[in-house]
1. Does LEU294 satisfy the criteria of being buried (at least 20 other Cβ atoms within 10 Å of the Cβ), aliphatic (A, V, I, L, M), over 20 Å from the mean Cα position of the chain (by Cα) and not in a loop (DSSP other than H, G, I, E, B)?
2. Is it the case that the stretch 19-42 has a residue that's outside any loop (DSSP other than H, G, I, E, B), surrounded by fewer than 20 Cβ atoms within 10 Å (Cβ to Cβ) and without any contact (Cβ under 8 Å) to a residue 24 or more places away in the chain?
3. When you go through ALA188, ALA153 one by one, which is the residue that is out of contact with any Lys or Arg (no Cβ under 7 Å at 6 or more places or on another chain) and of a type in the set (A, V, I, L, M)?
4. Determine, yes or no, whether TYR356 is over 12 Å from TYR578 (Cα atoms) and of a type in the set (Phe, Trp, Tyr).
5. For residues in the stretch 1-18 being among the hydrophobic types (A, V, I, L, M, F, W, C) and out of contact with any Phe, Trp or Tyr (no Cβ under 8 Å at 6 or more places or on another chain), which is surrounded by the most Cβ atoms within 10 Å (Cβ to Cβ)?
6. For ASP116, only one of the following conditions fails: (1) at pLDDT below 90; (2) over 20 Å from the mean Cα position of the chain (by Cα); (3) within 30 Å of TYR168 (Cβ to Cβ). What is its number?
7. Name the helices (runs of 4 or more DSSP H) wholly inside the stretch 363-444 in which the number of residues that are in contact with a helix residue (DSSP H, G or I) (Cβ under 8 Å, 6 or more places away or on another chain), open to solvent by 40 Å² or more (accessible area, probe 1.4 Å) and farther than 25 Å from ILE111 by Cβ is 1 or more.
Amino acid sequence: MISLNKLNPEQKKAAKTIEGPLLILAGAGSGKTGTITCRIAHMVENLGIPGKSILGVSFTNKAATEMKERVKGLLGHQKSKHITLCTFHSLGIKILKNEIEKLGYYKNFTIYDTGDQIALVREALRNFRSSKQFDFKQVLSKIGYLKNSGVSAEEFGNSQFFDPEDAYDDATEYTYRYYQEKLKFFNAIDFDDILFLTLKLFKQNPDLAGVYSEKYRYIMIDEYQDTNPLQFQIVMQLTSRHQNLCVVGDDDQSIYSFRGADIRNILDFEKKFPNATIIKLEQNYRSTMPILALANAVIKESKHRREKTLWSQQESDVMPLLWSMADPDHESQILAEEIARYQSEGKSLSDVAVLYRSHNLNGPLEDQLRIMQIPYKIVGGQKFYEKKEVKDLMSYLFVILNTWDELSLRRILNVPSRGIGPSTLQKYLEKSKEMKLSLFQTLEKYPALDPKRTHLISSFCSLIRSFQRSFRQNTLDSSLKELVEKINYNSFIEKQYEKTPKQIERRKNDVLNFIESAQRFSKRGLEDGNLKNFVEKLLLQDSQSNKESPEEEESKPVNEVSLMTLHSSKGLEFDIVYLIGIEEETLPHKKIIQEGGDINEERRLCYVGITRARKKLIMTFCKERVLYGKKKPRFPSRFISPLKETKLYVEQDRTTFGHLNEEEAENYKKDFFSNLLKDL
């Protein structure tokens with residue numbers, strides 16, 4: 001039997017509520033992961049519910065992995081192995097792999113990444129007859145928005161999203177159609193298609209939706225406040241045969257509207273499920289009570305929220321601080337000194353984070369940390385699988401998997417250089433169009449189209465075919481290593497970067513890391529650790545994550561200060577948090593103020609930042625910053641201005657007083673504190 005005695009009363013109630021719709025309102029740090037994993041274990045071990053009928057969906061691979069490990073720890077491998085715990089997109093891929101032929105695709109489809117998408121959109125815009133120039137990123141963003149709103153290329157022109165007076169919408173309508181036709185011809189989909197096509201599949205095949213609803217009789221959705229309209233509709237399809245839906249989330253932490261997240265999904269849960277049970281988890285196990293008191297005071301002013309108040313048994317006399325700084329240079333100097341002092345006490349820098357609204361605030365701090373030789377990392381850097389060398393090798397893998405993938409084929413046709421240049425490629429593209437064949441079919445069928453390149457073309461096609469056999473018969477890593485050697489890729493790197501030896505070493509290491517990640521993945525065996533599953537894993541890495549390699553989740557914590565945006569910080573926690581730039585036109589952001597955007601979401605961002613701190617929270621604002629080359633005065637954010645009356649934090653001027661004697665410094669602080677209160 002699984003004991004629920006370690007859960008608090010509300011957590012226990014949530015774990016025991018199994019039948020019917022359930023909304024668990026889980027405040028920051030309230031132990032929601034422990035609650036839902038105990039709930040799953042209770043269902044299987046105590047109630048005898050088959051694991052194969054349980055589906056748990058989260059938003060990140062990291063969260064899904066953590067859930068799997070916790071459930072496995074409670075139930076053991078044998079009883080937990082049939083439970084499906086995954087991300088929305090992993091679930092979509094799982095369904096499409098079995099059913100996509102019903103939509104006219106082949107099962108060996110490719111998933112295009114951002115670079116491939118941009119190439120197609122640029123191609124479409126070149127063919128769109130207009131004297132106006134269009135930003136391809138804006139067009140691609142609109143296509144992604146439409147897909148996440150459930151609007152197809154055929155529907156867009158007659159939808160509420162289309163403005164006939166808007167030239168961009170005209171261009172987008174043409175591009176969207178062109179883009180989707182090309183994707184289908186290449187037997188490829190993009191990241192947004194994963195859920196878009198899953199919903200399309202269910203809508204066109206209601207009986208199939210019923211099959212999956214019967215298969216997953218008990219469904220749990222984590223971070224429900226982050227669901228978009230498309231994900232909500234998929235959830236509705238999966239619950240078409242039952243209402244055993246448990247959603248877990250916190251409307252106070254809904255901060256991803258720019259990705260399409262719709263807070264109404266959690267606020268209006270009872271409207272869709274009138275007989276829903278609602279349970280609030282308000283006891284916080286992360287932060288001290290003074291930090292939570294501040295968080296509660298900030299978020300209570302938010303409109304359109306569900307009432308809840310975080311509390312903790314962790315009392316502390318360490319109050320949250322607000323530091324006033326003269327300017328960003330002063331701010332970075334003080335922060336770096338504080339962090340250096342913490343490090344000198346023998347404490348780990350991995351316990352420290354600096355959070356900000358946008359990356360443009362971290363430049364002076366980075367400079368100061370480098371000067372003082374304090375190790376740090378910026379969360380949100382380039383993803384491992386977006387690096388050129390990795391993308392080259394992945395393109396080879398894409399073509400080996402799916403020879404219809406024209407974009408990947410065009411990328412590798414002359415990489416490394418094999419004498420097949422643009423003019424030769426153009427001949428084959430024209431022939432491909434004429435014969436209505438894929439580019440690879442044309443290369444294979446007409447190697448003598450360019451007589452001087454016949455041998456080169458035949459050799460390339462033979463290379464692809466030989467590695468199709470190799471990846472079927474041999475381990476993933478051995479075939480990949482053989483491919484790298486066969487195409488002399490490391491020699492190609494040496495020639496490209498012969499004038500920059502450090503680049504050669506770094507890029508070769510990227511290749512080696514890629515092979516090593518394949519080696520770790522291949523330990524699953526030939527059936528699960530195969531090429532297709534490996535490529536899918538890389539393409540489905542979290543868009544929010546900061547992976548320098550695909551396996552970073554398995555690495556040990558590094559002794560570095562973490563610098564990140566408030567959006568990137570969600571789900572993380574640190575002993576000490578420095579929340580910088582708590583100023584009007586920074587938080588809330590100037591663009592949100594000027595364009596009449598959702599100030600409440602900016603307030604929720606502030607709340608998320610505050611609740612990342614376990615023991616100590618220090619907020620800063622500057623009296624002036626240089627904006628567009630000119631010094632501009634800055635003022636404390638409206639989110640903290642009213643809080644002087646609550647006495648939840650200490651306001652303190654952090655000016656360096658080295659040039660003042662003790663009496664002058666004390667008078668300066670008193671005058672400044674008085675002026676600060678007037679400003680607030």
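The values are calculated or read from the model by the stated rules, or taken from the named source; none is laboratory data. No experiment lies behind these values; they were computed from the predicted model shown. Every residue, glycine among them, receives a Cβ derived from its backbone with ideal geometry; neighbour counts consider all protein chains shown. Side chains included, ligands, DNA and RNA excluded: accessible areas come from the protein's heavy atoms. Shrake-Rupley method; radii C 1.70, N 1.55, O 1.52, S 1.80 Å.
1. On the way: buried (at least 20 other Cβ atoms within 10 Å of the Cβ): yes; aliphatic (A, V, I, L, M): yes; over 20 Å from the mean Cα position of the chain (by Cα): yes; not in a loop (DSSP other than H, G, I, E, B): yes.
Against the criterion (buried (at least 20 other Cβ atoms within 10 Å of the Cβ), aliphatic (A, V, I, L, M), over 20 Å from the mean Cα position of the chain (by Cα) and not in a loop (DSSP other than H, G, I, E, B)), LEU294 qualifies.
2. Here is the first cut: in the stretch 19-42, the residues outside any loop (DSSP other than H, G, I, E, B) are 22-26, 32-42.
Now drop any that are not surrounded by fewer than 20 Cβ atoms within 10 Å (Cβ to Cβ), which leaves 33-34.
Right, trim to without any contact (Cβ under 8 Å) to a residue 24 or more places away in the chain and you get none.
No, that holds for no residue.
3. That would be ALA188, the only listed residue that is out of contact with any Lys or Arg (no Cβ under 7 Å at 6 or more places or on another chain) and of a type in the set (A, V, I, L, M).
4. For TYR356, the condition - over 12 Å from TYR578 (Cα atoms) and of a type in the set (Phe, Trp, Tyr) - is not met.
5. Filtering the stretch 1-18 down to residues among the hydrophobic types (A, V, I, L, M, F, W, C) leaves 1-2, 4, 7, 14-15, 18.
Checking which are out of contact with any Phe, Trp or Tyr (no Cβ under 8 Å at 6 or more places or on another chain) leaves us with 1-2, 4, 7, 14-15.
Details: MET1: 7, ILE2: 16, LEU4: 18, LEU7: 20, ALA14: 27, ALA15: 24.
My answer is ALA14.
6. Among (1) at pLDDT below 90; (2) over 20 Å from the mean Cα position of the chain (by Cα); (3) within 30 Å of TYR168 (Cβ to Cβ), the lone unmet condition for ASP116 is (2).
7. Values: elements: 363-371, 388-401, 406-412, 422-435.
Ranges flagged: 363-371, 422-435.
For every residue, the table says whether it meets (1) among the aromatic types (Phe, Trp, Tyr); (2) over 22 Å from LYS615 (Cα atoms); (3) in contact (Cβ under 8 Å) with a residue 40 or more places away in the chain.
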site: ARG264; (1), (2), (3): no, yes, no
site: ASP268; (1), (2), (3): no, yes, no
site: ILE279; (1), (2), (3): no, yes, yes
site: GLN283; (1), (2), (3): no, no, yes
site: MET289; (1), (2), (3): no, no, no
site: ASN296; (1), (2), (3): no, no, no
site: ILE299; (1), (2), (3): no, no, yes
